[in-house]
Amino acid sequence: MDYQESELQIKGAVKNFMKLRESFNHEVLEDSYLVLDYGKGQIPLSKLGLAEMGFHEALLVKNERGKYLINLAQKRGVVEYQIQELKKILDGIDRRISKVNVIGLELNPFTIEVRFRTLNSELIQKIKQSEFCDSEKTDMSLASIRIILRS
């Protein structure tokens, strides 16, 4: 069966399953789900896609396209595994970062500044005059929109 035919078969079965649920309206059917059974395994329809089909070699005819999809799915699986391993490494680094002793950790001087998504020169000039603004570090000229806050 070609891929387009299989899509039609799946869609028809899904439609009938929905009708079955409506007809019998039972909680057992509400918790039930569909699988594609190909004799040597099953794939839940909720996970069904080309990538998943490639992992189930017995589902595919081993022609040129089938072999190509299997190869891509295997490569994808390797990359997914590598990502999971990298996530574990990243989690370990994050745990170590969270445990860094900050006693003795020094930072270079910095300021906290306001950034605007929309410019309103009149408002910016008023803010510069406010008690919240560090007037010694903030350029008070009309040309500047930089506002440095007091600590």
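Rule-based calculations on the coordinates, nothing more; no lab input. Computed from a predicted model, the values in this text were never measured in an experiment. Cβ placement follows ideal geometry from the backbone for every residue including glycine, while neighbour counts extend to all protein chains displayed.
Please determine, in degrees from 0 to 90 and to the nearest 10, the orientation of helix 64-98 with respect to the longest principal axis defined by the Cα atoms of the chain, where the helix direction is its Cα long axis.
40
For the pair Leu20/Gln74, report the inter-label distance in nm, with labels modelled 7 Å from Cα in the Cβ direction.
Reported label-point gap for Leu20 and Gln74 is 3.5 nm.
Using +1 at the Cβ of each Lys and Arg and -1 at the Cβ of each Asp and Glu in the stretch 65-121, identify which of Val78, Ser121, Pro109 lies farthest towards the dipole's positive end.
It is Val78.
For the stretch 5-103, which chymotrypsin sites (Phe, Trp or Tyr not before Pro) pass both filters: DSSP loop (anything but H, G, I, E, B) and at most 12 other C-beta atoms within 10 Å? Before the final figure, lay out each step's value.
Values: sites: Phe17, Phe24, Tyr33, Tyr38, Phe55, Tyr68, Tyr81; in loops: Tyr33, Tyr38.
Answer in residue order: Tyr33.
Based only on other Cβ atoms within 10 Å, what is the fewest-to-most ordering of Arg146, Arg117?
The order, fewest Cβ neighbours first, is Arg117, Arg146.
I need the P(r) histogram for the chain: all alpha carbon pairs, bin width 10 Å from 0 out to the longest distance, whole percents.
8, 19, 13, 13, 12, 14, 18, 4
Based only on the alpha carbon positions, what is the Kirkwood hydrodynamic radius of the stretch 1-42, in angstrom?
Taking the inverse mean of 1/r over all distinct Cα pairs, the stretch 1-42 comes out at 11.7 Å.
Mean separation of Cα pairs under 8 Å and 6+ residues apart, divided by the residue count of the chain: what relative contact order is that in percent?
Normalised by residue count, the contact order of the chain is 12 percent.
Would you list Phe110, Phe132 from fewest to most Cβ contacts within 10 Å?
Phe110, Phe132
For Thr138, Thr118, Thr111, which order do you get if you count the other beta carbons within 10 Å of each Cβ and list the fewest first?
Thr118, Thr111, Thr138
Only Cα pairs within less than 10 Å get springs; with that Gaussian network setup on the chain, which residue of Lys99, Lys15, Lys126 has the largest fluctuation?
The residue that fluctuates most here is Lys126.
Report relative contact order for the stretch 1-73 in percent, whole number only (criteria: Cα-Cα under 8 Å, sequence separation at least 6).
Details: 41 pairs, mean separation 13.2, N = 73.
The value is 18 percent.
Could you pull the Cα extents of the stretch 107-151 along its three principal axes, largest to smallest, in whole Å?
Over the stretch 107-151, Cα extents along the principal axes are 34, 21, 16 Å.
As a quick test, which of the pairs Lys15/Lys67; Lys47/Lys75; Lys62/Lys87; Lys11/Lys75; Lys67/Lys88; Lys15/Lys47 have an alpha carbon distance above 27 angstrom in this structure?
Lys15/Lys67; Lys62/Lys87; Lys11/Lys75; Lys67/Lys88
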